[in-house]
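Working notes, beginning with the structure itself.
The values are calculated or read from the model by the stated rules, or taken from the named source; none is laboratory data. Owing to the predicted nature of the structure, the values given are computational and were not obtained by experimental measurement. Here the Cβ positions follow ideal geometry from the backbone for every residue, glycine too, while neighbour counts run over all protein chains shown. Remember, those area values only see protein heavy atoms, side chains included, never the ligands or the DNA or RNA. Shrake-Rupley method; radii C 1.70, N 1.55, O 1.52, S 1.80 Å.
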Amino acid sequence: MLNYGFFETEMQLRFPEDSLKIRNMCDGGNTPGFRPHSSRNSPWAFPGAEKFQTELARNSGSEGFFPSPDEWLTQLETDIILGFFGYNESFQDPDGPENFKGELEAFIQHTKAQSYNGKNSPKLVLVSPIAFENLSQKMDIPNGENENENLRLYTQAIKEVSSNNQVPFIDVFTPTLEWFGGNGDYTIDGSQMNEKGYEKFAAFLAETLTGITNVGSTAKRKSINKMVNEKNYYWHNDYKIPNGVHAYGRRYDPFGPDNYPYEKLKVKEMTAIRDTAIWSLLQNKDYDIARADATTTVLPEVETNYNPADEGEMITYKYGEEALETLTVPEGYKVELFASEREFPDLANPAQISFDNKGRLWVATLPSYPHYRVGDAKPNDKLIILEDTDKDGKADRQTVFADSLHLPIGFEFAPEGVYLSQGTNLKLLTDTDGDDKADKIEIVLSGFDDHDTHHAISAFCADPSGAFYMAEGVFLHTNVETSYESVRGTNGGFYRYNPQRKKLERALQVSIPNPWGIAIDEWGQDFFLHTSGPTVNWMMPSTLKSIYGVASPLTEDLIEEAHRVRPTSVWNLFQVGTFRMMSKEI
């Protein structure tokens, strides 16, 4: 709902004079009582919630001072809460509904006892999960029969608890089940709505909640929706702040105090300015956003802790032939410069490279690393294609496949397009007209953690089946709702995504920093490296069923001591250009 903004658009159009402030605090995998966050010491939304989620009731290593749900709701002076629960809970054991009812009732009682706005208890409305759409004739996913049986049970459970506690309840399971029986797809994988689905759902929910039928012209709806999405961009950078490990977490001290308190304040100010812009549009009034932004908190200059002359001499990057002269390679090999930032300025801070089946080099670049700084121009990281058209061994053509990205630290090719890491989302970029430019972008899965941005899903690598692995580093807590289950990961590991089945798996959970390399050998065996040390491990023996908060054992390091070189030395090479190494025999 955050990504399309349709529901808020419908609500704003229905109350143009009321200056509504709407914030989406939903997160994949949340339950009424379990709300994990990498920068919060406790994952529990209220006292006693741990007794309802015993499998998750263990120390997962989260650490920091990120506000609790109650603290966020108090900051926002909340009057009304919409609670969307029941989907990820529906995958629990057959006794799940009874336990869920107890957890939901405890949440209601806790919420009623609060006064977030400082005046009275919030009004609470509970909403059922949507139905599961049967797309099994079009893709290899569940047909929804078992899923809808369970979802019906949880819808009934929410209805019963709501009635017992005099809380309004909205059943969206029944109408969406009816929609899904007609023509047209409303989801991308049975469980996650597409744009068409969200638009229809938003109108239904807003009308059911308010009793007010469709309002506003098409032009007005579009302009309000555009500004709602602009506001949500800044809200997301507040509530789901990238690199939260420095803003709220274990790395706040000593790295955070110089700048993050000011950045957090500024993003709240810029979010509020866009609230005002929405209200102005609703009332046909002019509002100068740029002028208002100019009055927000000025971010201080931050002194670097890197002094290139610490060792007694100034360190400078070397380009091209000068860099080649400093390299020593094994006998039988040589290094050639294929492309450099001097010829291709977009080749800035590359994070992953891959050759396609046309022999072209694709490069994910991220000049915005380590993350977008609020108040700057929005990030414009790119996925570019470098091509040698005259066969002289050097790139001479660049095509920008996608721009306006933010930290694309992993990607992989597939027949349907290019899968790309984008913060909390896994996206699919598709070129529909063959011009080597992405013209369709779809969020495939959401709920990945970018609490430490260089640990987010990266190093994508396909296996022989067409599925691909994604690496994720330490400190992170990921919770992704899928059509099969809620997939949770803590403190490092790997995921495997099968595009044919739309299925995500937690392949293994091991405590690893910087897992920036995955490789599959000719026998299909999988290996990975982690670059805080020169370590390469065999993946398969550690591939055990993940337990929340528990790391599986690592295999022995495969690199002999005499051959250990920290792999991040290669990263420094890619700062100044893209090289290729080849055997003389090739």
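Residues whose amide H comes within less than 5 Å of that of LEU544, counting only those at least five positions distant or on another chain, are GLN509 (H built at 1.01 Å from N in the peptide plane). Once C-alpha pairs closer than 8 Å and six or more residues apart are averaged by separation and normalised to the residue number of the stretch 229-338, the relative contact order reads 22 percent. The modelled label-to-label distance between ASP436 and ASN214, using points 7 Å beyond Cα along the C-beta direction, is 4.4 nm.
Placing +1 on each Lys and Arg Cβ and -1 on each Asp and Glu Cβ, with no other charges, gives the stretch 418-533 a dipole about its Cα centre of roughly 360 debye. 3J(HN,Hα) along the stretch 283-297, derived from phi through the Karplus expression 6.51 cos²θ - 1.76 cosθ + 1.60 where θ = phi - 60°, amounts to 9, 6, 10, 7, 8, 8, 5, 4, 5, 5, 4, 5, 8, 6, 3 Hz, with x in place of Gly and Pro.
Rolling a 1.4 Å probe over the protein heavy atoms of the stretch 431-562, with every protein chain left in place, gives an accessible area that is 52 percent carbon and sulfur.
Considering only GLN109, ILE170, MET139, and ranking their Cα positions along the charge dipole of the stretch 105-176 that arises from unit charges at the beta-carbon of Lys, Arg, Asp and Glu, the one farthest toward the positive end is GLN109. Across the chain, the relative contact order, built from alpha-carbon pairs under 8 Å that are at least six residues apart, equals 12 percent. Using alpha-carbon pairs under 8 Å, 6+ residues apart, how would you state the relative contact order of the stretch 400-559 in percent? Once divided by the residue count of the stretch 400-559, the mean separation gives 14 percent. Simple spin-label estimate for TYR287 and ASN117 gives 1.9 nm between the two label positions (7 Å along the Cα-to-Cβ direction from each Cα). Spin-label model, GLU322 to THR54: label points 7 Å out along the Cα-to-beta-carbon direction sit 6.6 nm apart. Available extension along the chain between ASP521 and ASN165 is 122.3 nm, counting 0.36 nm per residue and deducting the alpha carbon span. Shown are VAL550, VAL374, whose ranking by accessible area with a 1.4 Å probe and every protein chain present, most to least, is VAL550, VAL374. Using Cβ point charges alone (K and R +1, D and E -1), the dipole size of the chain about the Cα centre works out to roughly 1500 debye.
Cross-link pairs exceeding 26 Å between alpha carbons, from the set LYS138/LYS231; LYS226/LYS266; LYS112/LYS200; LYS334/LYS391; LYS231/LYS264: LYS138/LYS231; LYS112/LYS200. Taking every protein chain into account, the 1.4 Å probe leaves LYS378 with about 90 Å² of accessible area, to the nearest ten. Taking the Cα centre of the stretch 226-270 as origin and assigning +1 to Lys and Arg Cβ atoms and -1 to Asp and Glu Cβ atoms, the resulting dipole is close to 160 debye.
Between the stretch 228-255 and the stretch 85-117, the C-alpha centres lie 28 angstrom from each other. Per-residue Karplus couplings for the stretch 329-346, computed as 6.51 cos²θ - 1.76 cosθ + 1.60 with θ equal to phi - 60°, are listed in order as 10, x, 4, x, 10, 8, 10, 10, 7, 9, 7, 9, 4, 5, 7, 10, x, 5 Hz, Gly and Pro entered as x. The distance separating the Cα centre of the stretch 360-413 from that of the stretch 18-55 comes to 36 Å.
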